[in-house]
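What follows draws every value from the coordinates through simple rules; no lab data is involved. All figures in this text were calculated on a predicted structure; none of them were measured in a lab. Cβ placement follows ideal geometry from the backbone for every residue including glycine, while neighbour counts extend to all protein chains displayed.
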Amino acid sequence: MSSGAKQKVESASLMELSEDSACYNFSVGNPQKREFYSPNYPNIYPKNVKCTLRIIADPGHTVRLDFRDKFHLENSPSCSYDWLEVRDGPHGYSPVIGGRYCGNEFPKQMLSSKRFMWVQFSSDDSIEYEGFRAVYDFVKVPNTGSSADIEKECSFYRSGHSGIIKKEEMDTYWLKYRNEDVIECMWTIETEPGKKLYLNFKEFGLDRPNDCDQNFLQIFPDSRTPSEQVIQFCGTTAEPQRSTANISYVRLFTQRDAYNKTDFKIHFTSFREIKKEEQCDPKLEFNCGDQTCIDISLKCDGEYDCKYRYDEEPSLCARALGVAMVLTSEHMIIILVVFFSLVIAMCASISISCYNKIQERQLREREYKERRSKEASVEVTLDRTHSSLPRGGGRDDESSDGCYVPEVDFRNKQRTN
């Protein structure tokens, strides 16, 4: 299989078509032979089907498309019942090559101007016919030189419970295609089957508001084909949107000189619709209060994921914002280390303080005992000294100040004289 054929199969990968799918013959076909067919070919194609195919050639090549063996679709003046449409580019809004085809007249051979071609088949609910067999090939563009048509399509793919798409992602393409007259890009947003998407504009501004030919943003509900369901913003504001399926496409289109001052940022959220009697899974989902459920991880994450913003209610997020959102794994480790360090330091401080007080009290007790012992010794010594002094029976041998005064008999001395 050539790289071009491989790219062709990948172009239909988002549809996850099985061989039992009505569109398998058309949207996948036979990549080895580079052929595709009307649904159910060579039998009659079914009613009410709409199939798309995007063919991508190798760089430096264009796509050549031809119809062989059979071509028969229900005929009508404007091909409004059953029809085939071919576009010169990668999307359903690229320029049409030759208009719509129906009836039993073979379309002429077609050649794309670049390496992309978009093909779509549609049938109504009435008459069906045998359909067609289509063969495509890649034609090398001569004299392309070293800068040969390295056309890398400006497109991005996003998935998950929520995310952001923004105009700044186009900047690398702008540097490459700044000499082009028109700059455009496509974002594909996909969530799991059974869910839908909520698109909320965080920023939106066009260089030339209300000039819808010069700059605009489009939201395609479930395919990249223009229809009545396509939402287009080319004014000064853009309202939130809900998809009708699990895929949405966002297209930004600007003229070259309007690119720099054009900007947008969209926050997308995957949600599940429920009936009134149903409930969201409290372990896995958050109830937005409008019969929609979002992933529980989106609650209090700083972004408005619910239409009425219930997921960011201050009362709901107070604890989460104050504790849970702060306590990440790294923060938790740091906080625990600091906490236990403080606890250990406090315990050590209390232990040292208690030890010092015990030592101080024991020292005071020893000093008190020693002082009491000395005082008791002095008292004993004084008692012993007092008990050894002579006791006089009323003789006044001492003066009041403790001095001894001997008694002298002056009468005897006078007689002697």
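Could you let me know the centre-to-centre spacing of segment 33-67 and segment 343-381, using Cα atoms, in angstrom?
102 Å
For K357, list the lysines whose Cα falls under 23 Å from its own Cα; do not include residues on the same chain fewer than 8 positions away.
K357 reaches K369.
So between Q291 and R178, what do we pick up on full extension, going 0.36 nm a residue minus the alpha carbon distance?
Taking Q291 through R178 to full extension adds about 36.1 nm, to one decimal.
How far apart, in nanometres, would the label points at N260 and M346 be if each is projected 7 angstrom from Cα along the Cα-to-Cβ direction?
So the two model labels end up 6.1 nm from each other.
At q = 0.15, 0.19, 0.21, 0.22 Å⁻¹, what base-10 log of I(q)/I(0) does the Debye formula yield for segment 160-227 when every alpha carbon is treated as an equal point scatterer in vacuo?
Result of the Debye calculation: -0.66, -1.03, -1.20, -1.27.
Going by how many other beta carbons lie within 10 Å of each one, how would you line up H72, H331, fewest first?
H331, H72
Which Cα, out of F286, S297, G205, lies furthest along the positive dipole direction of segment 202-307 (beta carbon charges, K/R +1, D/E -1)?
It is G205.
Taking the Cα centroid of segment 177-199 and of segment 270-293, what is the distance between the two, rounded to the nearest whole Å?
27 Å
Which of the lysines could a cross-linker span from K195 if the Cα-Cα distance has to be under 19 Å and same-chain partners fewer than 8 positions apart are dropped?
Filter leaves K275, K276, K283, K299, K307.
Give me the one-decimal nm value for the distance between modelled label points at S155 and I334, 7 Å along each residue's Cα-to-Cβ direction.
4.4 nm
Among H161, H91, which comes first, then next, by fewest other beta-carbon atoms within 10 Å?
Fewest to most other Cβ atoms nearby, the residues stand as H161, H91.
Quick one: putting +1 on the C-beta of Lys and Arg, -1 on the C-beta of Asp and Glu, what dipole do you get for segment 80-196 around its Cα centre, in Debye to the nearest 20?
460 debye
Taking the Cα centre of segment 151-301 as origin, sum charge times position over the Cβ atoms of Lys and Arg (+1) and Asp and Glu (-1), and report the length of that vector in debye to the nearest 20.
That gives a dipole near 220 debye.
Once you have a ≥ b ≥ c as the square roots of the Cα gyration tensor eigenvalues for segment 125-284, tell me rounded if a/c is under 1.5, and otherwise prolate or oblate according to whether a/b is larger than b/c.
Oblate.
State whether segment 204-258 is rounded, prolate or oblate according to the following rule on the C-alpha gyration tensor (a ≥ b ≥ c being the square roots of its eigenvalues): a/c under 1.5 gives rounded; otherwise a/b larger than b/c gives prolate, and the remaining case gives oblate.
prolate
Order of L111, L197, L175 from fewest to most other C-beta atoms within 10 Å?
If I rank by nearby Cβ atoms, fewest first, I get L175, L111, L197.
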